[in-house]
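Here the structure is laid out as structure tokens; the discussion comes afterwards.
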2 protein chains.
Amino acid sequence: MDLTDELLRGSRLALARILTQIENNTQQGRQALDVLFPHGGKAHLIGVTGAPGTGKSSLVNQLAAAFRRGQAGGPRRVGIVAVDPSSPFTGGAILGDRVRMRDLAGDTGVFIRSMASRGSLGGLALATSGIVLALDAAGYEIIMIETVGAGQAEVDIARLAHTTLVVEAPGLGDDIQAIKAGILEIADVLVINKADRPGVESTERALRSMLQLAHPSRRIFQDTTFKAGHRPAIEIPENTAQSLGEAANESVWIPPIQRTVAIEGIGIDEVVQEIERHRQYLEESGELEKREWARLKSEMDLLVRETLVKQWSARVSSSQYHAIVQSLALREISPQQAVKKMLGDD
Amino acid sequence: MDLTDELLRGSRLALARILTQIENNTQQGRQALDVLFPHGGKAHLIGVTGAPGTGKSSLVNQLAAAFRRGQAGGPRRVGIVAVDPSSPFTGGAILGDRVRMRDLAGDTGVFIRSMASRGSLGGLALATSGIVLALDAAGYEIIMIETVGAGQAEVDIARLAHTTLVVEAPGLGDDIQAIKAGILEIADVLVINKADRPGVESTERALRSMLQLAHPSRRIFQDTTFKAGHRPAIEIPENTAQSLGEAANESVWIPPIQRTVAIEGIGIDEVVQEIERHRQYLEESGELEKREWARLKSEMDLLVRETLVKQWSARVSSSQYHAIVQSLALREISPQQAVKKMLGDD
């Protein structure tokens with residue numbers, strides 16, 4: 001039997017092998033992606049990102065356990081993809097896995113995969129996307145994609161998700177600096193983990209004012225903020241915002257702030273409920289379709305870029321390339337003229 | 001007279017106009033780059049990067065003044081390019097400029113340019129590279145490129161420089177986290193600014209151990225470390241490192257750690273001396289040529305990528321594109337099949 005058939009029939013071994021092929025970008029891996037693609041699109045993809053030290057891994061662990069217990073709508077199969085673009089060793093991810101193995105050991109409803117860093121950010125995003133597709137096709141209904149930090153890589157990878165959790169924690173230094181505006185824009189649910197630590201109030205205040213700064217035209221309520229980055233169906237002028245009722249809530253997602261103490265399991269069920277609520281919002285508002293569309297489009301654009309460069313470098317001989325760089329270095333030709341020569345346009 | 005001729009004859013107005021054209025990536029801007037390219041390659045390019053709050057702008061300010069005073073080798077003309085990839089408003093950069101204008105006002109030997117954020121990281125790096133070329137051709141002998149933070153953008157922009165300063169400061173939270181390994185690898189000179197603050201000792205200790213962590217096979221001396229990222233001409237086994245004398249110093253750059261209190265002008269001359277010493281090392285070791293080569297090569301590669309994508313999108317009609325994305329979203333074709341259709345390869 002073919003490996004992809006075995007995967008579709010539930011073989012963990014076949015899944016593991018295909019994941020390795022996808023990660024190594026082999027011919028078999030690329031073929032598997034084509035075969036599996038029609039079987040994807042069923043899972044709920046949850047991105048989890050935050051700075052080191054926020055306890056993301058423990059949170060993901062606890063969320064996985066909660067989804068397994070079937071906190072909302074029966075037990076679900078859970079896939080976890082841990083990505084660490086900054087480290088070539090995925091140090092944190094591997095450590096996290098050990099902890100997870102202890103807690104989730106022997107549960108065949110959970111599959112955990114750590115991803116090593118790849119050459120380019122584009123490569124990492126594409127590989128992650130392939131891993132997610134394979135888990136999705138294999139029947140994992142909840143897939144959590146965990147990334148470290150707040151760089152471009154994390155933002156790119158978060159674009160893969162339907163629901164993005166941004167994790168903060170008190171006492172990680174200057175809160176305003178720790179939370180990059182770019183990362184707040186992708187947050188659907190904000191989690192303050194380690195909420196039993198001193199400084200939790202100021203972390204929450206900082207989060208609220210950051211959200212307000214990012215959207216000065218929106219009124220920020222006591223515990224609600226208008227969704228960053230998602231234009232509501234109806235533009236709401238500031239002075240009428242307070243009088244808006246159910247109608248506005250239907251079309252606008254307000255990213256909630258939820259406190260947790262992950263290692264003690266505190267606040268976990270509430271985060272699961274917020275995720276479910278967000279899923280419902282995505283479905284009812286038509287936003288789910290839009291995000292799927294955007295996700296596939298951005299994956300394709302990335303693949304187009306990589307393919308164009310690959311095709312081009314196959315056309316150019318290394319001696320040609322070298323000669324052009326040489327005359328560039330001697331300033332005989334400008335970079336733009338060099339590019340024309342490289343692309344055979346002159 | 002042509003604008004580029006005026007620039008080459010020293011007109012600040014012509015320079016300012018050309019910089020705007022380059023930043024907006026207009027046809028005239030691109031033409032100017034071709035004309036100016038043979039006149040470039042003379043300036044010493046200094047990258048200055050570090051987290052917000054480290055006082056980078058004050059440091060750059062003071063360094064500019066020191067180069068103007070001619071601390072080492074007579075007064076030099078100084079160009080400053082302030083890049084803030086994270087902010088669409090270049091808030092920090094604009095504020096920094098106001099302070100600079102007060103200090104450096106009326107000095108025609110100084111030219112300051114802030115760069116607004118551009119669409120893509122690649123676009124920003126290319127525009128910065130063009131700005132630097134124009135300043136170089138206009139006769140600015142020292143060009144400082146200031147970037148905020150430690151993301152991919154900063155690393156890319158730092159690649160433009162001959163000498164890269166990484167700026168730290170005590171009391172910015174967890175030092176180990178604040179200094180990303182990637183940014184340390186590009187450092188030629190480490191500056192601990194605000195060195196009159198408490199915690200300076202632990203910041204310096206953290207920097208040393210980070211350097212050591214990054215290069216466990218190298219012995220780290222009391223105040224010397226082997227250069228990260230630059231393979232020395234001779235590989236030095238750990239047990240013989242201590243017995244190496246002058247011979248090793250000729251081929252290995254040891255990134256020094258220099259304390260400063262920029263707003264009081266303390267330690268500035270020492271940083272200038274380290275920059276001069278690094279310039280000398282670059283010239284004597286042949287590293288300068290290698291860096292120029294790598295810099296132009298990476299600029300050309302980026303330009304090739306951008307051009308390939310631009311040429312491709314000119315070929316594809318928007319209705320074609322839309323139809324392919326549609327059948328992708330319906331999962332009729334896989335992303336890889338979509339790319340083949342997009343590129344007309346199937």
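Summing Lys, Arg as +1 and Asp, Glu as -1, what charge do residues with Cβ under 13 Å from the Cβ of A:Pro38 carry, A:Pro38 excluded?
Working: positive: A:Lys42, B:Arg331; negative: A:Asp34, A:Asp136, B:Glu332.
Neighbourhood net charge equals -1.
Remark on A:Trp253: its backbone amide H falls under 5 Å from those of A:Lys227, a criterion applied only to residues 5 or more positions apart or on other chains, H modelled at 1.01 Å from N.
Using packing as a proxy for protection, rank A:137-144, A:301-308, A:5-12 so that the peptide with the highest average count of other Cβ atoms within 10 Å comes first.
Details: A:137-144: 22.9, A:301-308: 19.1, A:5-12: 15.2.
Put in order of decreasing packing, that is A:137-144, A:301-308, A:5-12.
What is the sum of charges around B:Ala16, taking Lys and Arg as +1, Asp and Glu as -1, for the other residues whose C-beta is under 12 Å from the C-beta of B:Ala16? It works out to a net charge of +1. The slack between B:Leu343 and B:Asp34, meaning 0.36 nm per residue of separation minus the straight C-alpha distance, is 108.2 nm.
Other protein chain C-beta atoms within 10 Å of residue C-beta, averaged over B:326-338: 6. A Förster radius of 60 Å, combined with the Cβ-Cβ distance separating A:Gln311 from B:Arg69, puts the computed FRET efficiency at roughly 0.65. Amide H neighbours of B:His162 under 5 Å, counting only residues 5+ apart in sequence or on other chains, H built in-plane at 1.01 Å? Hits under the 5 Å cutoff: B:Leu45, B:Ile46, B:Gly47.
By count of other Cβ within 10 Å, fewest leading, how are A:Leu3, B:Leu211, A:Leu330, A:Leu165 ordered? Walk me through the numbers on the way to the answer.
Values: A:Leu3 18, B:Leu211 25, A:Leu330 11, A:Leu165 29.
With the fewest neighbours first, A:Leu3, B:Leu211, A:Leu330, A:Leu165 line up as A:Leu330, A:Leu3, B:Leu211, A:Leu165.
Of the residues B:His39, B:His278, the one with the fewest other Cβ atoms within 10 Å heads the list, and the complete ranking is B:His39, B:His278.
Which order results if B:Ser317, B:Ser57 are arranged by neighbouring Cβ count within 10 Å, fewest first? Can you show the working numbers first?
On the way: B:Ser317 10, B:Ser57 23.
Ascending number of Cβ neighbours within 10 Å: B:Ser317, B:Ser57.
With both labels modelled 7 Å from their Cα along Cα-to-Cβ, the A:Glu270 to B:Lys42 distance reads 6.6 nm. Couplings 3J(HN,Hα) of segment A:298-306, computed from phi: 6, 5, 5, 4, 4, 5, 4, 4, 4 Hz, in residue order, whole Hz [Karplus 6.51 cos²θ - 1.76 cosθ + 1.60, θ = phi - 60°; x for Gly and Pro]. Take each residue in A:294-304, count the other chain C-beta atoms within 10 Å of its C-beta, and the mean is 6.
Legend: distances between Cα atoms for A:Lys42/A:Lys310; A:Lys310/B:Lys310; A:Lys56/B:Lys56; pairs beyond 24 Å are A:Lys42/A:Lys310; A:Lys56/B:Lys56.
No lab work stands behind these numbers, since they all come straight from the coordinates. Source: prediction; values computed, not measured. So basically every Cβ, Gly included, is an ideal-geometry build from the backbone, and we count neighbours across all protein chains shown.
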